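**Student:** What follows is a single structure, and I will ask about it in a moment.
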Amino acid sequence: MRFVLLLLFIPFSLTAQERPTAAAIASAQPLATEAGMTILAKGGNAFDAAITVSAVLAVVEPYGSGFGGGGFWLLHRASDKRQVMLDGRETAPLAAQRDMYLDDTGEVVPGLSMNGALAAGIPGQAAALAHLAEHYGQLPLSTTLAPAIRIAREGFEVSEYYRTMAGFRLEVLQRFPETAAIFLQDGELPSLGHRIIQTDLAATLERLARAGHAGFYAGETAQRMLASIERHRGIWQQADLEQYRLIEREPIRFSYRGHQVITVPPPSSGGVALATILNILQGYQLDELGEAERLHLLAEAMRRAYRDRAEYLGDSDFVEVPIQRLTDPYYAAGLAASIRLDQATPSSTLPGIGGEPGGLHTSHFSILDREGNQVAATLSINYPFGSGLVAEGTGLLLNNEMDDFSAKPGSPNAYGLVGAEANAIAPGKRMLSSMSPTLVHSNDGVAILGTPGGSRIITTVLQGILAHVDNRPVSEWVAQPRIHHQYLPDKLYHEPEALDSVVKKSLEARGHQLEASTRPWGNMQAIHWRISDGRVSAASDPRGEGLALTDK
Ligand code: DON
């Protein structure tokens, strides 16, 4: 089958009269979903609920996201159809240096970008929530942050999953007494049902509720963060916190088989990579391909998009990212020209550039309110429990997002991702992300989706979009078994149930090196609103502990 360049642009936009028959929230934690629904019931809109869900996740999923980290909040406002990405990504401290994680011989020092004060970027979540409240929400922060403050004070119960995540990072959590005092029990893994109480965090959130942005980036919270970082030989300065800004960015938009995909621009690599992959797939009649051929094609498209990610993607405020070119269907046609349906292309034969599967850390949630406002947000502190360091007296667990920079060209990070110049460390720069909260609009529906999963986020969202375009129910977008290719290492990863033995043989015969993942990946939270009858359905990934609710 030949690649056919399809340049159908189907203009599409929701009309203001269209309204869903129910509101919905899908998030990775039941307490966060329930608190968000309460805020909607109190008259808050989707943006108010997004503040509440983000804040409760920070409290009850400390290994996933938090005020010591950042994220991307993709918004669609029904009243004027404004679509915007709130970029609350962490930044490199102003004293950061390109080679700060290398030793004298130019080798990466293991752990330096992962653990402790040097691993932490300047947090963005507080700025994002203050901005959401000021410009998009209807309720004061004192109302929307109240559930998180209460749960921080009263505590939440340790689950089996909490124990797994804490066990994974136990040695780092034990290293910092202020962290161990909150997240461990007598310095060891807490028992099931033990309550995690976060009194300092509650006070930090109260200062944010009272004074907004300045209640976090100046005053007591700021001073305590700086003092703690200094004590642990980090490099943050007051100017880092004073200068941190939330940035509103124009989303990336492209069409795919009659659907408009609205997704995230740099500093996420997700939107550009999704555009590349879907533009390639658009040239094939996917429904005429056999299962092995279809998965082979997906893997080949993924491989090419991740190669480009490694070369071109970085913070577009610092480096020139050729977004137009990379998202152009003609560019995808060029990439597709080297795809053979009977044979894998070894990654080593693609033009050169100068892990660990992502589990349930990092967090995504999706929200739809009855007005039709939409939020897709993916939040992170990077690795489980981030850098492991709690800034003393604030309860803030600081991220280790600095590891998302390319510490050295070609040297893989924690997710096995390689990068080059575009994603090199520079003062004030945002590190490249894979987080890809996404909206898909068409004449018959709206999809709101996203997931954690490190380097696998983009391909997981991709498979969610494909399931939606195939008219499969939202429960299948989140549950279906997944595959993943990221250029290097040159392997086709798959969840065990994703491939049967016939398909496996057929992929191996094409030259793919298959690797079954022993652990599942991703934790997708998704909502579907069907325009024709207004019906709303929501689903939470069965791999996680999440909860999806509608109010009807
Ligand atoms: O921004 C990124 O791409 C990573 N820091 C996300 C990390 C993640 O998803 C961890 N996973 N489960």
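**Student:** Considering only segment 226-279, state which residues are among the aliphatic types (A, V, I, L, M), open to solvent by less than 20 Å² (accessible area, probe 1.4 Å) and in contact with a strand residue (DSSP E or B) (Cβ under 8 Å, 6 or more places away or on another chain).
**Tutor:** Hits for segment 226-279 are ILE229, LEU241, ILE252, VAL261, ILE262, VAL264, VAL272, LEU274, ALA275, LEU278.
**Student:** Here is a further query. Would you pick out the residues in segment 280-294 that are open to solvent by less than 10 Å² (accessible area, probe 1.4 Å) and assigned to a helix (DSSP H, G or I)?
**Tutor:** If the condition is that a residue be open to solvent by less than 10 Å² (accessible area, probe 1.4 Å) and assigned to a helix (DSSP H, G or I), then ILE280, LEU281 are the ones that fit.
**Student:** Quick one: would you say ARG482 is of a type in the set (D, E, K, R), within 16 Å of the ligand (Cβ to nearest atom) and crowded, with 22+ Cβ neighbours inside 10 Å?
**Tutor:** Judged against the criteria, ARG482 is a match.
**Student:** To continue, here is another question. So is LEU205 in a helix (DSSP H, G or I), modelled with pLDDT of 95 or more, in contact with an Asp or Glu (Cβ under 9 Å, 6 or more places away or on another chain) and open to solvent by less than 40 Å² (accessible area, probe 1.4 Å) or not?
**Tutor:** When the stated conditions are applied, LEU205 does not pass them.
**Student:** I need the full set of residues from segment 178-195 which are within 25 Å of ALA227 (Cα to Cα) and open to solvent by less than 80 Å² (accessible area, probe 1.4 Å), in order please.
**Tutor:** Across segment 178-195, the qualifying residues are GLU178, THR179, ALA180, ILE182, PHE183, LEU184, GLY187.
**Student:** When you go through (1) surrounded by 24 or more Cβ atoms within 10 Å (Cβ to Cβ); (2) over 18 Å from the mean Cα position of the chain (by Cα); (3) within 16 Å of the ligand (Cβ to nearest atom) one by one for TRP529, which number turns out not to apply?
**Tutor:** Failed condition: (3).
**Student:** Another question, if that's okay. For segment 401-409, indicate whether the set of residues that are part of a strand (DSSP E or B), within 12 Å of the ligand (Cβ to nearest atom) and among the charged types (D, E, K, R) is non-empty.
**Tutor:** The answer is no; no qualifying residue exists.
**Student:** For ALA332, only one of the following conditions fails: (1) assigned to a helix (DSSP H, G or I); (2) touching a Pro at 6+ places or on another chain (Cβ under 9 Å); (3) open to solvent by less than 10 Å² (accessible area, probe 1.4 Å). What is its number?
**Tutor:** Of everything listed in (1) assigned to a helix (DSSP H, G or I); (2) touching a Pro at 6+ places or on another chain (Cβ under 9 Å); (3) open to solvent by less than 10 Å² (accessible area, probe 1.4 Å), ALA332 misses just condition (2).
**Student:** Going through segment 387-410 one residue at a time, which ones are among the small types (Gly, Ala, Ser) and out of contact with any Lys or Arg (no Cβ under 7 Å at 6 or more places or on another chain)?
**Tutor:** Those that are among the small types (Gly, Ala, Ser) and out of contact with any Lys or Arg (no Cβ under 7 Å at 6 or more places or on another chain): SER387, GLY395, SER406, ALA407, GLY410.
**Student:** Tell me, please, whether a residue that is charged (D, E, K, R), open to solvent by less than 20 Å² (accessible area, probe 1.4 Å) and in contact with a strand residue (DSSP E or B) (Cβ under 9 Å, 6 or more places away or on another chain) can be found in segment 407-414.
**Tutor:** No: zero hits.
**Student:** Let me ask you something else. With the requirement that a residue be within 16 Å of the ligand (Cβ to nearest atom) and charged (D, E, K, R), what does segment 81-135 give you?
**Tutor:** ASP87, ARG89, GLU90
**Student:** Which residues, counting only those in segment 463-511, are part of a strand (DSSP E or B) and under 16 Å from ARG294 (Cβ atoms)?
**Tutor:** ILE483, HIS484, LEU492, HIS494
**Student:** Has segment 211-220 got at least one residue that is open to solvent by 40 Å² or more (accessible area, probe 1.4 Å) and not in a helix (DSSP H, G or I)?
**Tutor:** yes
**Student:** Considering segment 55-73 alone, what residues qualify as being under 15 Å from the mean Cα position of the chain (by Cα), more than 18 Å from HIS213 (Cβ to Cβ) and either more than 14 Å from the ligand (Cβ to nearest atom) or assigned to a loop (DSSP other than H, G, I, E, B) (or both)?
**Tutor:** GLU61, TYR63, GLY64, SER65
The values are calculated or read from the model by the stated rules, or taken from the named source; none is laboratory data. On a predicted model such as this, the values are computed, not experimentally measured, just so you know. FYI the Cβ positions are ideal-geometry reconstructions off the backbone, even for glycines, and counts take in every protein chain you see. Ligands, DNA and RNA are excluded from the accessible area calculation, which covers all protein heavy atoms including side chains. Shrake-Rupley method; radii C 1.70, N 1.55, O 1.52, S 1.80 Å.
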